[in-house]
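All remarks here apply to the structure that follows.
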Amino acid sequence: METRVRELKYRMMITDLLKVAAETHTYQELSDLLGLSPPILSRYMRGHVLPSYSRAQGLYDKLMEITDIREELKKRINFDEDGYFDNTPLVTEITWLKIMSNYALEKFAGRRVTKVLTAAVDGIPVSTLVANLLEVNLLIAKGTKEVGINDFIEETYIPKGSAIRQSLYIPKHSIRKRDSILIIDDVVRTGETVKALVDMVVNQRADIAGIYVLVTVGDEWNEYLKDCISKYSFETLIEI
């Protein structure tokens, strides 16, 4: 049953990729490039019919060739004069959220994942979709202790250039030794948040299935996370 569900989700991903491809290619161009008759292409694009799993695999490869999802997503990221950017596409556009979550599913396929862990708040949308695809629970590390929860797992760190300690919290017993955690972050500049999440998992003696980052900015994070990169499966969708 689990395999069938995963295959169905993979087939549904084609509709999202077709929507992105249609932004830069005409209907006729897509028909010619994909070798699909116009009626079949129309049904796939509208989601009225799903391709078989074997056909979906072939279409996925072709769509990834003709549609550079990294470049298309980069076009949606606009920097201001201070070097910061609007991450709205990363947290609100459902088609792109689905594509980014399916990318994670592809990259970490075959790995044992029991839970997905992210830090509040902007990593939550894509992490929720990834957890849904993997059919596992989602853990959200927050910067404050919530009322109603008595005991927490806490990880404290000092952000670079700051004299203030910052902490992340999740409810105690959220991570157990038998867990294999996939860590997700939306934007990484220094890598401090990712490192704190890694330490949170390691200190609970659980395994790390991998680390998935949507956008990395600059080079500072690379040096700070070099041990994590060498030790764990580390995937980045966009490097800026």
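The values are calculated or read from the model by the stated rules, or taken from the named source; none is laboratory data. The model shown is predicted, which means the values in this text are computed figures rather than measured ones. Here Cβ is always computed from backbone atoms with ideal geometry, including for glycine, and neighbour counts include all displayed protein chains.
Counting only residues that are under 18 Å from Glu71 (Cα atoms) and either touching a residue at least 40 places away in the same chain (Cβ under 8 Å) or among the acidic types (Asp, Glu) (or both), region 218-235 holds 1 of them. Residue check: Ile124 meets all listed conditions (1) out of contact with any Phe, Trp or Tyr (no Cβ under 6 Å at 6 or more places or on another chain); (2) outside the structural domain of Asp199 (by TED's automatic domain parsing); (3) aliphatic (A, V, I, L, M) but one, namely (2). Restricting region 189-203 to residues that are in contact (Cβ under 8 Å) with a residue 40 or more places away in the chain and surrounded by fewer than 18 Cβ atoms within 10 Å (Cβ to Cβ) leaves a set whose member that is farthest from Ile238 (Cα to Cα) is Asn203. If you filter region 216-240 down to residues that are under 27 Å from Ser174 (Cα atoms) and in contact with a helix residue (DSSP H, G or I) (Cβ under 7 Å, 6 or more places away or on another chain), you find that the one that is surrounded by the most Cβ atoms within 10 Å (Cβ to Cβ) is Leu225. Apart from one condition, Glu71 fits all of (1) without any contact (Cβ under 8 Å) to a residue 40 or more places away in the chain; (2) assigned to a helix (DSSP H, G or I); (3) closer than 20 Å to Asn132 by Cα; the exception is (3). Every test in (1) touching an Asp or Glu at 6+ places or on another chain (Cβ under 9 Å); (2) in a helix (DSSP H, G or I); (3) at pLDDT below 95 is passed by Glu223 save one, and that test is (1). Among the residues of region 106-116, is there at least one that is out of contact with any Gly (no Cβ under 7 Å at 6 or more places or on another chain), of a type in the set (A, V, I, L, M, F, W, C) and not assigned by TED's automatic domain parsing to the domain that holds Arg176? No, region 106-116 contains no residue that is out of contact with any Gly (no Cβ under 7 Å at 6 or more places or on another chain), of a type in the set (A, V, I, L, M, F, W, C) and not assigned by TED's automatic domain parsing to the domain that holds Arg176. Applying the condition of being in a loop (DSSP other than H, G, I, E, B) and touching a helix residue (DSSP H, G or I) at 6+ places or on another chain (Cβ under 8 Å) to region 160-178 and asking which residue is surrounded by the fewest Cβ atoms within 10 Å (Cβ to Cβ) yields Lys160. Report whether or not Ile66 is in contact with a Leu (Cβ under 6 Å, 6 or more places away or on another chain) and either under 25 Å from Glu239 (Cα atoms) or of a type in the set (A, V, I, L, M, F, W, C) (or both). Against the criterion (in contact with a Leu (Cβ under 6 Å, 6 or more places away or on another chain) and either under 25 Å from Glu239 (Cα atoms) or of a type in the set (A, V, I, L, M, F, W, C) (or both)), Ile66 qualifies. Test Ile66 against the criterion of being under 18 Å from the mean Cα position of the chain (by Cα) and either assigned by TED's automatic domain parsing to the domain that holds Thr118 or β-branched (Val, Ile, Thr) (or both), and give yes or no. When the stated conditions are applied, Ile66 does not pass them.
The single condition among (1) in contact with a Phe, Trp or Tyr (Cβ under 9 Å, 6 or more places away or on another chain); (2) modelled with pLDDT under 95; (3) loosely packed, with under 14 Cβ neighbours inside 10 Å that Thr144 does not satisfy is (2). Just name the residue that is nearest to Leu134 (Cα to Cα) out of those in region 1-55 that are among the acidic types (Asp, Glu) and either free of Cβ contacts under 8 Å to residues at least 12 places away in the same chain or not in a loop (DSSP other than H, G, I, E, B) (or both). Once the filter is applied, the top-ranked residue is Glu2. Applying the selection to region 56-68, what residues are closer than 18 Å to Thr95 by Cβ and part of a helix (DSSP H, G or I)? Within region 56-68, Ala56, Leu59, Tyr60, Leu63, Met64, Ile66 qualify. Within region 75-106, if we keep just the residues that are surrounded by 15 or more Cβ atoms within 10 Å (Cβ to Cβ) and of a type in the set (D, E, K, R), the residue that is farthest from the chain's Cα centre (by Cα) turns out to be Glu93.
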